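Participant: Here you go, one structure.
The values are calculated or read from the model by the stated rules, or taken from the named source; none is laboratory data. Not measured: the values here are computed from a predicted model. Cβ placement follows ideal geometry from the backbone for every residue including glycine, while neighbour counts extend to all protein chains displayed. What goes into the accessible areas is simple: the full protein's heavy atoms, side chains included, and nothing from ligands, DNA or RNA. Shrake-Rupley method; radii C 1.70, N 1.55, O 1.52, S 1.80 Å.
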Amino acid sequence: MSGHTTNLRLKLPAICFLLQLFTIILFALFVRYDQETSARLWHEELSHHNKSNQDNDFYFRYPSFQDVHTMIFIGFGFLMTFLKRYGFGSVAFNFLIAAFAIQWSTLIQGFFHSFHNGKIHIGIESMINADFCSGAVLISFGAVLGKTSPIQLLLMALFEVTLFGINEFVLLSVIGAKDAGGSMTIHTFGAYFGLMVSRILYRPQLDKSRQREGSVYHSDLFAMIGTIYLWLFWPSFNSAITACGDDQQRTVMNTYFSLAASTLATFATSALINGEGKLDMVHIQNAALAGGVVVGTSGEMMLTPFGAMIAGFLAGLVSTLGFKFLTPILDARLKIQDTCGVHNLHGMPGVLGALLGALVAALATQDVYGDGMADVFPLIANGSRTAKYQGAYQFFALLITLGFAVVGGSLVGATLKIRALGSPPDTQCFEDQIYWEVPEDHQDGYMTAVNSEDPERSASV
Amino acid sequence: MSGHTTNLRLKLPAICFLLQLFTIILFALFVRYDQETSARLWHEELSHHNKSNQDNDFYFRYPSFQDVHTMIFIGFGFLMTFLKRYGFGSVAFNFLIAAFAIQWSTLIQGFFHSFHNGKIHIGIESMINADFCSGAVLISFGAVLGKTSPIQLLLMALFEVTLFGINEFVLLSVIGAKDAGGSMTIHTFGAYFGLMVSRILYRPQLDKSRQREGSVYHSDLFAMIGTIYLWLFWPSFNSAITACGDDQQRTVMNTYFSLAASTLATFATSALINGEGKLDMVHIQNAALAGGVVVGTSGEMMLTPFGAMIAGFLAGLVSTLGFKFLTPILDARLKIQDTCGVHNLHGMPGVLGALLGALVAALATQDVYGDGMADVFPLIANGSRTAKYQGAYQFFALLITLGFAVVGGSLVGATLKIRALGSPPDTQCFEDQIYWEVPEDHQDGYMTAVNSEDPERSASV
Amino acid sequence: MSGHTTNLRLKLPAICFLLQLFTIILFALFVRYDQETSARLWHEELSHHNKSNQDNDFYFRYPSFQDVHTMIFIGFGFLMTFLKRYGFGSVAFNFLIAAFAIQWSTLIQGFFHSFHNGKIHIGIESMINADFCSGAVLISFGAVLGKTSPIQLLLMALFEVTLFGINEFVLLSVIGAKDAGGSMTIHTFGAYFGLMVSRILYRPQLDKSRQREGSVYHSDLFAMIGTIYLWLFWPSFNSAITACGDDQQRTVMNTYFSLAASTLATFATSALINGEGKLDMVHIQNAALAGGVVVGTSGEMMLTPFGAMIAGFLAGLVSTLGFKFLTPILDARLKIQDTCGVHNLHGMPGVLGALLGALVAALATQDVYGDGMADVFPLIANGSRTAKYQGAYQFFALLITLGFAVVGGSLVGATLKIRALGSPPDTQCFEDQIYWEVPEDHQDGYMTAVNSEDPERSASV
């Protein structure tokens, strides 16, 4: 264990205090309530524009926000509790880094999207976008779960949120791509960023911790809490920032059917690829969600319900096959250790979703969209570009995202290699005990595990 | 174990792929976005009818939909995880069959309720109704939990959804009964359908699996997640498709008070009927919910808050007594093995709710309902029938529902007896291991259980 | 165990039946649907005031209500399941007393706030307020968790709800204090009331049950379900009854940032005060929530986002330090045994929140609030008092609340000392087995625990 110290007594408080203090100062300098949140500004709006309090954006976004919020903290947090000895770290580090990321991304996204007269103006939409951005960080967290210290994770969040903001700005504002549910900005970016970090932090000796990489019966049930909440609220995720009216309703419906179809595909494929026809919880917990990822870009478009089902079905199929066949190859050949299989749930379905979005955009016609074209494809509606060009730009957006993710993830991974950041030794990965005060039954489990894997030490006890 | 094969390697993929493919084809042929979901149609609506995006039905139904959605997948799914060795099957088969049922019922209900010019038009209301229908299937699932293969369950869903659609059409459209929260269409139908299926699939040798029919400490806590979510969101369930305005608010309030009263009745009765005055988790997990079922029909009516409380109180009482005294009789005398006690939670309270609905309908007066009569009882408001006739029709609706459930459940039960469907042998009921890859601690538990119940085999180990 | 009988066979049913019956009678006599819930009244409103069904208050309050409802039953209920052998009692007694408290507080609050022409008129706002009031009772429950019978808890709820109603009436209606999120009325009141009850019920021999006061690995994960839901929905809690429009959105945003900052402060402080730099689940489960409590009064004010962060940060810090340093002192010196540490989560942050509210109120200016002043500080807006006076009244409100809580808690504590109420003996605290039928694995745990703590008995087995 030489060279590694996982004692965070001074380092973790220091980085938390510093990041929080720095954030507070930047908020004090730059961040203000927007027109719908400020007492004075909203009441000016009311009197000047003949509005009523019921027109406040709050009533059209807040229920979606709370669903997204639940996905970020319950969904991602519990999904990762499947590990038998890393439940605390899964749900609580998820909590920590998301709590930081939503603050930091409010600043970063604010600078790019709502910086006027030297101030960032924030409201319910910025809260949704901040949660979205932290979603990308949590996807990356899934790739390195159990192999990183909370300090590394906070630093990863700091850098990743910043890059996320730049990539998102380029995609949405510079090249005019559409990506309301984040197939590219969130899933593809988060997954490949995390996979590159994991590649750089490759642990050749990780086998020493493999006995802790599985689940126990009840940890799989805890994980299902996460899975089901992600599945339930994914329609809210994809629709949370689309235009009001038909757009939100259509996005919800497309996502709903895509997820339903990916669930059947996952059960089917899971049984098919198992020698005895048994189902595998890892597949159900993850691949059934691929239907939400795959319509992240196209969900707001006129995808049609059966189109959404086909997309979801293929995503569930590809994702399940990925867990079985691709994850071992990534590990053995490419030296990418992907704890939660984010490549299968977010990576491939994200890329598929981006391609699907490009295709559906390229096929957009005035006949199908009518006056609704302006909401979905404003640049087509105002004549700036044709549908085919929009499709091409969507495709470029995918390439740009992959570029940002791979280069960014590599650089950040290299930064996180600094020894002083408290990462666990190879023998102590996927183990809560190094960062947490744990109850007796967990300690007992540790001794049993240590003894059974090390006969000599067991004998000497 | 001769004659039984529970290996689903080809069968489960085959049925999942077939059902999903068939559904996709039917969706492609018949299902279209409705006026509030389609980009072109909604924007035509906007310009022709002086509406705004904020008038889209989405904003008045989506929060309720998400509550219902949570009940179906978290509520029902986790409620059934109380079994010590069937947690995977409970939450994940619930997931599978509900994911299929919401697709299939969109078609079936669409043919009956929104089939115009050869197309089914769907939107947020059809999503709520599809979730409702899958609720009936999950109630039936509760009766056969642990004794059926996922293939049997998918086939049951296929047939039950179809019959549900016919029964619902007869009740709501043909005889003009009211049943917004589904005391009849969902609870009575789902319960007696499932009980008949269980009757037909009667297992005289089920005692060989009884040692697995109980709970462990933490599985009871997982089940409480399901219970509490069902309890919390039942007001949304009963109000999700009532008329907008006072109707939704009144339904919510009636359900809220009915549930509160049934909770006190359940705790009281549970302690009373136990020899030592101890409370029983089975009662709390189930009977406390009877208050939601019993106001499923009358919740939108002018039931009054104290009327709702009386109804809830009686439902909690009857339901708890049912678990203690009736379930054993059903099993021993009527050969109905009801794993989750759906007769107590959905069957009797559903029938009570139907009768209460008939009574409250028969007592409706213009003085009490004012102009609101048109929303609650349109046929009384337009003079087609008197309140007493409405009450009588409500009663007929109950009889029709019982008829559909009993006959339909028997026929479907007979179909599910086909051996090739992979049902577990009598010795392997309530056991995840036959359909799931399970973690080591679950396998160990299995060996211990097998050994302790079989002294000879234990001795030879 | 002489003198104690924990058999509740007749007593618990008797008190449940009596309380429910009494409540139903009072509801029948006094409680009616309000204008937005009654079919006749709402439709009169529609025709007389040119409103539409979409203007019904339901659509602006119900999503918030459901979030609050989830906090009360899932949040509080599961937060308390951290105890290794009291999971049933935690979630289910929480369920029982909240189900009673929401009914009783509808009456009590109704008499004080909506009693017109001899009737109480109720709707969605009364439901939110009833849930709020039950929140105070559940905070007090946290202080006495594991040491009281359900009968004592129901009686505590009966008295506490009544006192809560009086205190709330004095604060909001008599002295015109603002406290939308209940830093004073809910958190300060609930905490100090519960602490006084615990003081009066002091158990000098509680050490005999200390071995059960800790957690096991999975009980800590169940508790995190409660924590995260409380954290997620606290913005809804604080904003649920503020004025519509900017006020709700601003309250949500302030709470969101306060909670994020308190989370970082909690992780930092938890690692700092632990000898080995390890994190403590008790802190994460509780202190991370202090950010919600501390902006309960000031959340609707123009606190600014960075002001909210500073408040949350300090609250997380103080709360974590409280768990480490103050809880042992309260126990050893002041004879206050505070099972869940409600002094740290609700007591101190509540007082801080009241003081912060007084400060922010005193600083209110027309320039900052504009026409929105009338919503936040109606008495300042109409010229009845200055901002400084409002601040002073806020401070008096804190003192009054502390007075009600301390005196009320003492009196109620004394009442609960009656022996016949079935409280557990000192050796049986924090143990589900005395009130619950428990599964085998829990019974086994009990024998093991008993044996290991009693060597003689262990030897004789």
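Participant: For the stretch B:27-56, which residues satisfy the criterion of being in contact (Cβ under 8 Å) with a residue 60 or more places away in the chain, of a type in the set (D, E) and more than 7 Å from every other protein chain (Cβ to nearest Cβ)?
Facilitator: B:D34
Participant: Ok, one more. Can you give me the number of residues within the stretch A:57-74 that are at the interface with chain C (Cβ under 7 Å from one of its Cβ atoms) and either among the aliphatic types (A, V, I, L, M) or touching a residue at least 40 places away in the same chain (Cβ under 8 Å) (or both)? Working first, answer last.
Facilitator: First, pick out the residues of the stretch A:57-74 that are at the interface with chain C (Cβ under 7 Å from one of its Cβ atoms): A:58-59, A:62-63, A:66, A:69-70, A:73-74.
Still in the list and also either among the aliphatic types (A, V, I, L, M) or touching a residue at least 40 places away in the same chain (Cβ under 8 Å) (or both): A:58, A:62-63, A:69-70, A:74.
The total comes to 6.
Participant: Something else now. For the stretch A:206-219, give me the residue count where each residue is open to solvent by less than 40 Å² (accessible area, probe 1.4 Å) and either in contact (Cβ under 8 Å) with a residue 40 or more places away in the chain or in a loop (DSSP other than H, G, I, E, B) (or both).
Facilitator: 7
Participant: Against the conditions (1) of a type in the set (S, T, Y); (2) open to solvent by 20 Å² or more (accessible area, probe 1.4 Å); (3) in contact with a helix residue (DSSP H, G or I) (Cβ under 8 Å, 6 or more places away or on another chain), where does B:Y389 fall short? Just the number, please.
Facilitator: (3)
Participant: Let me ask something else about it. For the stretch B:346-375, enumerate the residues that are in contact with a Lys or Arg (Cβ under 8 Å, 6 or more places away or on another chain), crowded, with 24+ Cβ neighbours inside 10 Å and within 14 Å of chain C (Cβ to nearest Cβ).
Facilitator: From the stretch B:346-375, those in contact with a Lys or Arg (Cβ under 8 Å, 6 or more places away or on another chain) are B:357, B:361-362, B:367-372; that's our starting set.
Next, only the ones that are crowded, with 24+ Cβ neighbours inside 10 Å stay: B:357, B:361, B:372.
Matches in the stretch B:346-375: B:A361, B:G372.
Participant: Looking at A:A99, is it free of Cβ contacts under 8 Å to residues at least 12 places away in the same chain, facing chain C (nearest Cβ under 10 Å) and out of contact with any Phe, Trp or Tyr (no Cβ under 8 Å at 6 or more places or on another chain)? Outline the logic, then answer.
Facilitator: Values: free of Cβ contacts under 8 Å to residues at least 12 places away in the same chain: yes; facing chain C (nearest Cβ under 10 Å): yes; out of contact with any Phe, Trp or Tyr (no Cβ under 8 Å at 6 or more places or on another chain): yes.
Judged against the criteria, A:A99 is a match.
Participant: Still on this structure, please answer the following. State whether the residues of the stretch A:290-304 include one that is more than 20 Å from A:T227 (Cβ to Cβ) and at the interface with another protein chain (Cβ under 7 Å from one of its Cβ atoms). Break it down stepwise before answering.
Facilitator: Taking the stretch A:290-304 and keeping what is more than 20 Å from A:T227 (Cβ to Cβ), we get A:297-298, A:300-304.
Those left that are additionally at the interface with another protein chain (Cβ under 7 Å from one of its Cβ atoms): A:302.
For the stretch A:290-304, residues more than 20 Å from A:T227 (Cβ to Cβ) and at the interface with another protein chain (Cβ under 7 Å from one of its Cβ atoms): present.
Participant: Confirm whether B:L321 is touching a residue at least 60 places away in the same chain (Cβ under 8 Å), away from every other protein chain (no Cβ under 11 Å) and open to solvent by 10 Å² or more (accessible area, probe 1.4 Å).
Facilitator: Values: touching a residue at least 60 places away in the same chain (Cβ under 8 Å): no; away from every other protein chain (no Cβ under 11 Å): yes; open to solvent by 10 Å² or more (accessible area, probe 1.4 Å): yes.
No: the conditions fail for B:L321.
Participant: A follow-up question, please. Scan (1) at pLDDT below 95; (2) open to solvent by less than 20 Å² (accessible area, probe 1.4 Å); (3) touching a Pro at 6+ places or on another chain (Cβ under 6 Å) for the single condition A:F27 breaks and write down its number.
Facilitator: Of (1) at pLDDT below 95; (2) open to solvent by less than 20 Å² (accessible area, probe 1.4 Å); (3) touching a Pro at 6+ places or on another chain (Cβ under 6 Å), only one is false for A:F27: (1).
Participant: Quick one: in the stretch A:241-284, which of the residues that are more than 7 Å from chain B (Cβ to nearest Cβ) and touching a residue at least 60 places away in the same chain (Cβ under 8 Å) is nearest to A:G312 (Cα to Cα)?
Facilitator: It comes out as A:T255.
Participant: A follow-up question, please. Being in a helix (DSSP H, G or I) and at the interface with chain B (Cβ under 9 Å from one of its Cβ atoms) is the requirement here; does C:F78 meet it?
Facilitator: Numbers: in a helix (DSSP H, G or I): yes; at the interface with chain B (Cβ under 9 Å from one of its Cβ atoms): yes.
Considered against the rule, which asks whether it is in a helix (DSSP H, G or I) and at the interface with chain B (Cβ under 9 Å from one of its Cβ atoms), C:F78 comes out as yes.
Participant: Say we look at the stretch A:1-18 and pick out the residues that are part of a helix (DSSP H, G or I), touching a residue at least 12 places away in the same chain (Cβ under 8 Å) and facing chain C (nearest Cβ under 7 Å); which of these is farthest from C:G299 (Cα to Cα)?
Facilitator: The initial filter retains those residues of the stretch A:1-18 that are part of a helix (DSSP H, G or I), namely A:11-18.
So of that shortlist, the ones also touching a residue at least 12 places away in the same chain (Cβ under 8 Å) come out as A:11-12, A:15-16.
Next cut, facing chain C (nearest Cβ under 7 Å) only: A:12, A:16.
On the way: A:L12: 29, A:C16: 24 Å.
Applying the filter and picking the extreme gives A:L12.
Participant: Select, from A:R203, A:R199, the only residue that is over 19 Å from A:V161 (Cα atoms), basic (K, R) and not in a helix (DSSP H, G or I). So that I can check it myself, show each step before the final result.
Facilitator: Values: A:R199 fails: not in a helix (DSSP H, G or I).
Only one candidate passes the filter, namely A:R203.
Participant: Let me ask something else about it. I need the full set of residues from the stretch A:330-345 which are open to solvent by less than 10 Å² (accessible area, probe 1.4 Å) and either in a helix (DSSP H, G or I) or within 14 Å of another protein chain (Cβ to nearest Cβ) (or both), in order please.
Facilitator: The answer is A:V342, A:N344, A:L345.
Participant: Right, here's the next one. Among the residues in the stretch C:117-124, are any hydrophobic (A, V, I, L, M, F, W, C), open to solvent by less than 10 Å² (accessible area, probe 1.4 Å) and under 16 Å from C:C340 (Cβ atoms)? I'd like the intermediate steps shown before the answer.
Facilitator: Filtering the stretch C:117-124 for residues hydrophobic (A, V, I, L, M, F, W, C) gives C:120, C:122, C:124.
Restricting the remaining residues to those that are open to solvent by less than 10 Å² (accessible area, probe 1.4 Å) gives C:120, C:122, C:124.
Checking which are under 16 Å from C:C340 (Cβ atoms) leaves us with none.
Within the stretch C:117-124, none of the residues are hydrophobic (A, V, I, L, M, F, W, C), open to solvent by less than 10 Å² (accessible area, probe 1.4 Å) and under 16 Å from C:C340 (Cβ atoms).
Participant: Among the residues of the stretch A:81-103 satisfying the criterion of being touching a helix residue (DSSP H, G or I) at 6+ places or on another chain (Cβ under 6 Å) and in a loop (DSSP other than H, G, I, E, B), which is least open to solvent (accessible area, probe 1.4 Å)?
Facilitator: Restricting to residues being touching a helix residue (DSSP H, G or I) at 6+ places or on another chain (Cβ under 6 Å) and in a loop (DSSP other than H, G, I, E, B), the top hit is A:Y86.
Participant: Still on this structure, please answer the following. Evaluate the stretch C:374-394: report whether one residue or more is under 21 Å from the mean Cα position of the chain (by Cα) and more than 30 Å from C:G89 (Cβ to Cβ).
Facilitator: Initially, the stretch C:374-394 is screened for residues under 21 Å from the mean Cα position of the chain (by Cα), giving C:394.
Narrowing further to those that are more than 30 Å from C:G89 (Cβ to Cβ): C:394.
Yes, the stretch C:374-394 contains at least one residue that is under 21 Å from the mean Cα position of the chain (by Cα) and more than 30 Å from C:G89 (Cβ to Cβ).
Participant: Quick check: anything in the stretch C:75-86 within 25 Å of the chain's Cα centre (by Cα) and over 30 Å from C:I418 (Cα atoms)?
Facilitator: As a first pass, look at the stretch C:75-86 and keep what is within 25 Å of the chain's Cα centre (by Cα): C:75-86.
Applying the additional criterion that residues be over 30 Å from C:I418 (Cα atoms) yields C:75.
Scanning the stretch C:75-86, I find at least one residue that is within 25 Å of the chain's Cα centre (by Cα) and over 30 Å from C:I418 (Cα atoms), so the answer is yes.
Participant: Also, I was wondering about something else. Within the stretch C:162-179, does at least one residue satisfy the condition of being under 17 Å from C:A332 (Cβ atoms) and away from chain A (no Cβ under 14 Å)?
Facilitator: Applying the first criterion (under 17 Å from C:A332 (Cβ atoms)) to the stretch C:162-179 yields none.
Scanning the stretch C:162-179 turns up no residue that is under 17 Å from C:A332 (Cβ atoms) and away from chain A (no Cβ under 14 Å).
Participant: Kindly provide the set of residues from the stretch C:171-182 that are surrounded by fewer than 24 Cβ atoms within 10 Å (Cβ to Cβ) and out of contact with any helix residue (DSSP H, G or I) (no Cβ under 6 Å at 6 or more places or on another chain), ordered by number.
Facilitator: Step one: filter the stretch C:171-182 for residues surrounded by fewer than 24 Cβ atoms within 10 Å (Cβ to Cβ), giving C:172-176.
C:L172, C:S173, C:V174, listed by residue number.
Participant: Return the only residue of A:A265, A:A308, A:A315, A:A271 being closer than 18 Å to A:M71 by Cβ, crowded, with 24+ Cβ neighbours inside 10 Å and of a type outside the set (D, E). Step through it out loud before you land on a result.
Facilitator: Details: A:A265 fails: closer than 18 Å to A:M71 by Cβ; A:A308 fails: closer than 18 Å to A:M71 by Cβ; A:A271 fails: closer than 18 Å to A:M71 by Cβ.
Step by step, each of A:A265, A:A308, A:A315, A:A271 is checked, and only A:A315 is closer than 18 Å to A:M71 by Cβ, crowded, with 24+ Cβ neighbours inside 10 Å and of a type outside the set (D, E).
Participant: So which residues in the stretch C:151-170 are polar (S, T, N, Q) and open to solvent by 10 Å² or more (accessible area, probe 1.4 Å)?
Facilitator: In the first step, residues of the stretch C:151-170 are kept if they are polar (S, T, N, Q); the result is C:152, C:162, C:167.
Within the stretch C:151-170, C:T162 is the sole residue that qualifies.
Participant: Kindly indicate whether any position in the stretch B:104-111 is within 7 Å of another protein chain (Cβ to nearest Cβ), outside any loop (DSSP other than H, G, I, E, B), open to solvent by less than 50 Å² (accessible area, probe 1.4 Å) and modelled with pLDDT of 95 or more. Before the answer, list the steps.
Facilitator: First pass over the stretch B:104-111, keeping only residues within 7 Å of another protein chain (Cβ to nearest Cβ): none.
The answer is no, given that none of the residues of the stretch B:104-111 is within 7 Å of another protein chain (Cβ to nearest Cβ), outside any loop (DSSP other than H, G, I, E, B), open to solvent by less than 50 Å² (accessible area, probe 1.4 Å) and modelled with pLDDT of 95 or more.
Participant: Has the stretch A:140-150 got at least one residue that is assigned to a helix (DSSP H, G or I) and surrounded by fewer than 24 Cβ atoms within 10 Å (Cβ to Cβ)? Steps first, answer last, please.
Facilitator: Step one: of the stretch A:140-150, the residues assigned to a helix (DSSP H, G or I) are A:140-144, A:150.
Those left that are additionally surrounded by fewer than 24 Cβ atoms within 10 Å (Cβ to Cβ): A:150.
Checked against the condition, which is being assigned to a helix (DSSP H, G or I) and surrounded by fewer than 24 Cβ atoms within 10 Å (Cβ to Cβ), the stretch A:140-150 yields at least one hit.
Participant: Now a separate question. So, in the stretch C:392-410, how many residues would count as being surrounded by 15 or more Cβ atoms within 10 Å (Cβ to Cβ) and free of Cβ contacts under 8 Å to residues at least 12 places away in the same chain?
Facilitator: Looking only at that region, the number is 0.
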